[in-house]
Amino acid sequence: NEDELFVVIGNNTSDSEKIDAPRYSYWRSVIRSFFKNKANIIALSLLILVLLLAYIQPLFSGFERMQGIEGEKNVPPFTTWKHIFGTDKFGDDIWSLTWAGTQFSLTLAFVATAINMFLGIIVGALWGYSKICDKIFTELYNIIANVPSLVVTIIILYSLGTTFWNMIIAMTCTAWLGIGYSFRTQVIIIRDRDYNLASRCLGTGTFRMITHNILPFLVSIIVTYVSNYLPSFIGYEVFLSFIGIGFTKEIPSLGSAIDVGKEFMLLPDKAHVFWIPVAISAIVTITLYVAGQGLADASDPRNHR
């Protein structure tokens, strides 16, 4: 009967304000969007495996560069379980050398990227929001942008020597300004939107405007930059070592391992000394880029369903 089908709820003012819509969680939507793509899952799985091998394997191997056994030099790969990737001309185990070098290069890239992103985001936010800062940083950018970054890096490394922190200085002395310039453009686009103009009229301070009204809309752009800079810094370190400016053979990095092996790259019985570190370097950079780009796409609210 009608009494069972219909119930009188009355006129409730508080109920009329409620919107019957599904709950939305930004980060839950990011995770859901990321794992929808099989390529992201594969890249992330490979990246986790590489990180585990890079940061756990050296703890158990106790590897030290140029400490090999005299009778175990230039052992071919996959001939003994003791040296599954073979050994180099110093008798060092290439399996242990590769993962120790991967750990060193990843740490270098993580630190350099973190410093560049931290400085670039702060400078870019102030640069785009404050007209006073805009004049100062624009003139600074016009001067520094005309100097090739590779020349600056070479001068720093030749002047200070090639150590971990000197390499960090060389990688961060100018890169953060380019990031800041890119963020400046994005901040200018966002700062003049209606809700920001209304927020300024209500007396919201500059710091709160930047941290609450502007930066949250740049998450996908930040992730994109991180996914680009991490592999690029690894490639930068490898390139500098390959041309003889980076780390020497005493320091276990991917660049120094490739530099030591480059003289054997065309010798069939010793080519593994060169190509194995090259392959690991390629896997690291590709997985970092693919996983990072997948996360950047997933961070964009426009891709959420």
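The values are calculated or read from the model by the stated rules, or taken from the named source; none is laboratory data. None of these values were measured; they are calculated from a predicted model. Cβ sites come from the backbone with ideal geometry, for glycine too, and all protein chains shown count toward neighbours. What goes into the accessible areas is simple: the full protein's heavy atoms, side chains included, and nothing from ligands, DNA or RNA. Shrake-Rupley method; radii C 1.70, N 1.55, O 1.52, S 1.80 Å.
In debye, nearest 20, what is the charge dipole magnitude of the chain about its Cα centre with +1 on Lys and Arg Cβ and -1 on Asp and Glu Cβ, if you could check?
Rounded to the nearest 20 debye, it is 520 debye.
If you wrap a convex hull around the alpha carbons of region 106-198, what volume per residue comes out, as a whole number of Å³? Show your work: numbers first, answer last.
On the way: hull volume 9.0 nm³, N = 93.
Expressed per residue, the convex hull around the Cα atoms of region 106-198 is 97 Å³.
Assuming 0.36 nm per residue, please report the length gained on full extension of the stretch Ser159 to Leu140 beyond their Cα-Cα distance.
Using 0.36 nm per residue and subtracting the Cα-Cα distance, I get 4.5 nm.
How do 135-147, 237-249 rank on mean C-beta neighbours within 10 Å, highest first?
On the way: 135-147: 12.5, 237-249: 18.9.
Top to bottom by mean Cβ count within 10 Å: 237-249, 135-147.
What's the ranking of 75-86, 279-290 by average number of surrounding C-beta atoms within 10 Å, highest first?
The peptides rank, most packed first, as 279-290, 75-86.
Can you work out the accessible area per residue across the chain, with the rest of the protein chains kept in place, probe 1.4 Å, in square angstrom? Walk me through the numbers before you get to the answer.
Details: 17400 Å² over 305 residues.
Accessible area per residue, the chain: 57 Å².
Quick one: ranking Asp300, Asp192 by accessible area, 1.4 Å probe, largest first, what do you get? Spell out each step's value before the answer.
Numbers: Asp300 30, Asp192 80 Å².
Final ranking, largest accessible area leading: Asp192, Asp300.
Pop out the carbon and sulfur fraction of the accessible area of region 86-170 as a percent, whole number, probe 1.4 Å.
The C+S portion of the solvent-accessible surface of region 86-170 is 73 percent.
If r is the Cβ-Cβ distance from Lys82 to Arg200 and R0 is 51 Å, what FRET efficiency results, to the nearest 0.05?
Efficiency at R0 = 51 Å is approximately 0.15.
Could you work out [θ]222 nm for the chain from helices alone, using -39500 (n - 2.57) per DSSP H run of at least four and dividing by all its residues? Round to the nearest 500 deg cm²/dmol.
Calculated from helices alone, the mean residue ellipticity at 222 nm is -21500 deg cm²/dmol.
Averaging the inverse of every distinct alpha carbon separation and then flipping it gives the Kirkwood radius. What is it for the chain, in angstrom units?
22.8 Å
Can you give the accessible area of Arg32 in Å² (nearest 10), computed on protein heavy atoms with a 1.4 Å probe?
The accessible area comes out at roughly 110 Å².
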